[in-house]
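The values are calculated or read from the model by the stated rules, or taken from the named source; none is laboratory data. Quantities reported herein were computed from a predicted structural model and do not represent experimental measurements. Glycine also receives a Cβ, built like all others from the backbone with ideal geometry; neighbour counts cover every protein chain displayed.
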Amino acid sequence: MFFFKKEKDNLFFAIALVLLSIISGVIGGIFIQNFFSGESASLAYIPQRVVWRSPAEDVKRLTVQVAPMIVKLYRRAPGSVALAADPKNSFFVDDFAGLALVVTADGWLMTADAGLDYKNMSALAYDHGVYKIQRIFKDGYSKLVFLKTAAANLVPARFGDSRDLSSGDYLFLPDEDANLVVTGLITNYFYSDARVSLIRFSDKLNRLIALKDKFDGDLAGAPVFNIRGEAIGIFADNNNKAIPLESITPAIASFLKNNKVSRPALGVYYVNLSLLKNSPFWQKLGVTNGALIFRGGEVPFAAGSAARAAGLREGDIIVKIEREALNARRDLAEVISEYEIGTTVNIGIVRDGQEMTVAVSLK
């Protein structure tokens, strides 16, 4: 009765067809957008229209509000800097290496990992204090870097949730001079691998925020603020993507408490069924949302997988973690990341058409 147990070859072929259709849709969407004004492609997680409003009246207010939460990074260590009367004039333009967000009053900063030599950098705070980078911690899951300085009495950022935003809402990023630049939200559910591979890993951050405008790579690490002055993301690259902060908030709390990130691992590869919506493959499954355990001919479990140890199998569809159902808004990896190592969670699955619950101890 269950489609995948008897026809794994058909599963691989069906997913290949879905991938081909997604690629075709992207190409078609680009053609339509370039040649037909007023029309836009209908792609997964990409809205058909972005309603743009000019928030000029809010820029000054927000600039004053968030400026103390922003720190500039320069490529010279404090000992090599001949401080001028005004420290902000002690660095050359070419020394600028990016921006960071203040996480704690006692000097913890957060920025995107741009592969730089952070230990030989200076941090220039809003009060014009120049600080040495004392400690560095890189989080491989989110591609963020935590930097500890000797600063005190900094103004920590307030965090918001990008999932509360709607397509077309405007957002704000600081430039090199900490002046806010206005952009907009295309979608807060941009899956980085959606157009290349449908297969994801439960222990990797998959979701990104897609911004209306592209920005220079020098702004990597720039915080993204909503209209309330809450940090909802960190600009990640020289394109238009940002890392959603609500996806890593539990890890930040763990890091500040234990000086290390403690993040649970489920150890399973899967297909987010929400991406297959309206496809013949999706309709034949009879399950509208969930995470199908599958890896295209390879073993769908990582070494030491907690999921495998608990008895989950290839072809199982994870539909619920505790009482929370998986859907387009809540992906498996994101839900799992909010638990702690050692927690036993009840995972609802569909196997051979039958619903059941499996207890899994996260590692």
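Annotations
- Residue count for segment 126-148, restricted to those that are modelled with pLDDT under 90 and crowded, with 23+ Cβ neighbours inside 10 Å: 1
- The residues on offer are VAL155, VAL181, VAL130, and the sole one that is within 17 Å of ALA97 (Cα to Cα) and among the hydrophobic types (A, V, I, L, M, F, W, C) is VAL130.
- Checking each residue in segment 142-156 for being closer than 14 Å to ALA242 by Cβ and in a loop (DSSP other than H, G, I, E, B) picks out SER142, LYS143.
- Scope segment 56-72; condition β-branched (Val, Ile, Thr) and either under 23 Å from ALA112 (Cα atoms) or crowded, with 22+ Cβ neighbours inside 10 Å (or both); matching residues: THR63, VAL66, ILE70, VAL71
- Qualifying residue in segment 215-228 (condition: more than 15 Å from the chain's Cα centre (by Cα), modelled with pLDDT of 90 or more, closer than 23 Å to VAL102 by Cα and crowded, with 19+ Cβ neighbours inside 10 Å): yes
- Restricting segment 73-99 to residues that are of a type outside the set (S, T, N, Q), surrounded by fewer than 11 Cβ atoms within 10 Å (Cβ to Cβ) and farther than 15 Å from LYS119 by Cα, the residue that is modelled with the lowest pLDDT: ALA85
- Answer from ARG163, ARG200, ARG228 - the residue that is charged (D, E, K, R), in contact with an Asp or Glu (Cβ under 8 Å, 6 or more places away or on another chain) and not in a strand (DSSP E or B): ARG163
- Breaking point among (1) modelled with pLDDT of 90 or more; (2) farther than 19 Å from GLY217 by Cα, for MET110: (2)
- With respect to the conditions (1) outside any loop (DSSP other than H, G, I, E, B); (2) free of Cβ contacts under 8 Å to residues at least 24 places away in the same chain; (3) not charged (D, E, K, R); (4) not assigned by TED's automatic domain parsing to the domain that holds PHE137, VAL299 falls short on a single one, namely (1).
- Among the residues examined, PHE281 qualifies as touching a helix residue (DSSP H, G or I) at 6+ places or on another chain (Cβ under 7 Å) and either modelled with pLDDT under 85 or of a type in the set (Phe, Trp, Tyr) (or both).
- Apart from one condition, ILE252 fits all of (1) in a strand (DSSP E or B); (2) closer than 30 Å to VAL182 by Cβ; the exception is (1).
- The residue list PHE225, PHE235, PHE294 contains one member that is assigned by TED's automatic domain parsing to the domain that holds VAL66, hydrophobic (A, V, I, L, M, F, W, C), farther than 22 Å from THR344 by Cα and out of contact with any Phe, Trp or Tyr (no Cβ under 6 Å at 6 or more places or on another chain), which is PHE235.
- Of all residues making up segment 228-256, the number that are of a type in the set (Gly, Ala, Ser) and out of contact with any helix residue (DSSP H, G or I) (no Cβ under 7 Å at 6 or more places or on another chain): 5
- Subset tally (residues that are of a type in the set (Lys, Arg) and either free of Cβ contacts under 8 Å to residues at least 24 places away in the same chain or in contact with a Cys (Cβ under 9 Å, 6 or more places away or on another chain) (or both)) for segment 315-363: 2
- You will find that of VAL130, VAL155, the residue that is of a type in the set (A, V, I, L, M), touching a helix residue (DSSP H, G or I) at 6+ places or on another chain (Cβ under 9 Å) and without any contact (Cβ under 8 Å) to a residue 60 or more places away in the chain is VAL130 and no other.
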